[in-house]
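Worksheet: one structure, shown below.
The values are calculated or read from the model by the stated rules, or taken from the named source; none is laboratory data. The structure displayed is predicted, hence computed values, not measured ones. Don't worry about glycine lacking a Cβ; one is built from the backbone with ideal geometry, like all the others, and counts go over all protein chains shown.
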Amino acid sequence: MRTAFVQQLIEEARKDHKVFLLTGDLGFSVLEPFANEFPERYINVGVAEQNMTGIAAGLAMDGWNVFTYSIANFPTLRCIEQIRYDVCYHNLNVKVVSVGAGYAYASLGASHHATEDIAMMRAIPNITVASPGDPTEARLVTTEFVKHNGPCYLRLGKAGEPKVHADDVSFTFGAGIEVRKGNGTAVLTCGAMLKYAADFLNENKSVFGLYSFPYIKPIDKKLLKKIAIEYNEFIVIEEHQLSGGFGSVILEAYNDLLQEGLINSFPKIRRIAIPDKFISVAGSQEHLRKLAGLTL
């Protein structure tokens, strides 16, 4: 996903001459194509993520369309105060990009796990939150973020994730995607769990429907209403803490739809997410997912 993001950002930077990229001493072998083509619009600020966010805010105040880039928890959890006060309070055009969401950097231990970021970021006013599920979604969201004027958070996987969608899939800002129609139960995903869910349903010849939500804030309530009409129950799966993540967004959205009279009853929802604990062992992403119970 990170390669798809960088490639698309280069395409957008060729059209939008205000696109500026900052990194916190990361992205080697990934960001060089951008740096080589736009050296005047690229700065490696060093191991100083909080300072990077402040620099981004200053550049945005001067009219730049700024992207910050670092490993998952560093540009988010470490910089949450700067994001809140420097960027979101002033509603600045800064896009925070994290690579290695969830347990993507599982071998490096809990210091590199990004499992609370959705909850923290979505609670801040003015910011858009997106967690694309494959490289195709990452490209489309990158394009939309370049066009969008305001704070955004882009939560990416690591590298090498295969495509789930065909190249001709499309969606607009804030929209979800029907991956496959089904009967009875709908599986709702965000982020890299999309590939796991798609493979599981295919391998088990399941009749469940599958829906991907690259945008978490705003959430696609129109699609959620449609799903509530067509299915009896839902399974929501995510690589994030149970508290405050994608599943919480779904519960809140359906409560709002019910209160607004847009659905007649509250759907039956099963949430699969990381329980309220740290995983202190090092291993592969797949191994930690299993330890956390992220299985259908």
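Does ASP86 count as buried (at least 20 other Cβ atoms within 10 Å of the Cβ), more than 21 Å from LYS18 (Cα to Cα) and among the acidic types (Asp, Glu)? Considered against the rule, which asks whether it is buried (at least 20 other Cβ atoms within 10 Å of the Cβ), more than 21 Å from LYS18 (Cα to Cα) and among the acidic types (Asp, Glu), ASP86 comes out as no.
In the list SER248, SER243, which residue meets the criterion of being closer than 21 Å to ALA101 by Cα and surrounded by fewer than 18 Cβ atoms within 10 Å (Cβ to Cβ)? Within the list SER248, SER243, the selection yields SER243.
Selection of the stretch 262-278 for residues being within 21 Å of the chain's Cα centre (by Cα) and either surrounded by 14 or more Cβ atoms within 10 Å (Cβ to Cβ) or among the aliphatic types (A, V, I, L, M) (or both) yields ARG271, ILE272, ALA273, ILE274. Within the stretch 164-197, the set of residues being out of contact with any strand residue (DSSP E or B) (no Cβ under 6 Å at 6 or more places or on another chain), buried (at least 18 other Cβ atoms within 10 Å of the Cβ) and among the hydrophobic types (A, V, I, L, M, F, W, C) comprises VAL164, ALA192. For the residues LYS95, LYS163, the requirement of being of a type in the set (Lys, Arg) and in contact (Cβ under 8 Å) with a residue 40 or more places away in the chain singles out LYS95. Among strands (runs of 3 or more DSSP E) entirely within the stretch 153-234, having at least 2 residues that are among the polar types (S, T, N, Q) singles out 185-189.
Within the stretch 13-50, the set of residues being out of contact with any Gly (no Cβ under 9 Å at 6 or more places or on another chain) and surrounded by fewer than 16 Cβ atoms within 10 Å (Cβ to Cβ) comprises ARG14, LYS15, ASP16, HIS17, PHE28, SER29, GLU32, PRO33, ASN36, GLU37, PRO39, GLU40.
Can you tell me how many residues within the stretch 79-111 are in a loop (DSSP other than H, G, I, E, B), under 19 Å from the mean Cα position of the chain (by Cα) and closer than 29 Å to LYS195 by Cα? Adding up the residues that qualify gives 5.
For every residue, the table says whether it meets (1) among the hydroxyl-bearing types (Ser, Thr, Tyr); (2) at pLDDT below 95; (3) closer than 25 Å to LEU291 by Cα; (4) touching a Ser or Thr at 6+ places or on another chain (Cβ under 9 Å).
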site: LYS163; (1), (2), (3), (4): no, yes, no, yes
site: ALA166; (1), (2), (3), (4): no, yes, no, yes
site: LEU201; (1), (2), (3), (4): no, no, yes, no
site: SER212; (1), (2), (3), (4): yes, no, yes, yes
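Checking ARG84, ARG122 one by one, the residue that is of a type in the set (Lys, Arg) and touching a residue at least 60 places away in the same chain (Cβ under 8 Å) is ARG122 and no other.
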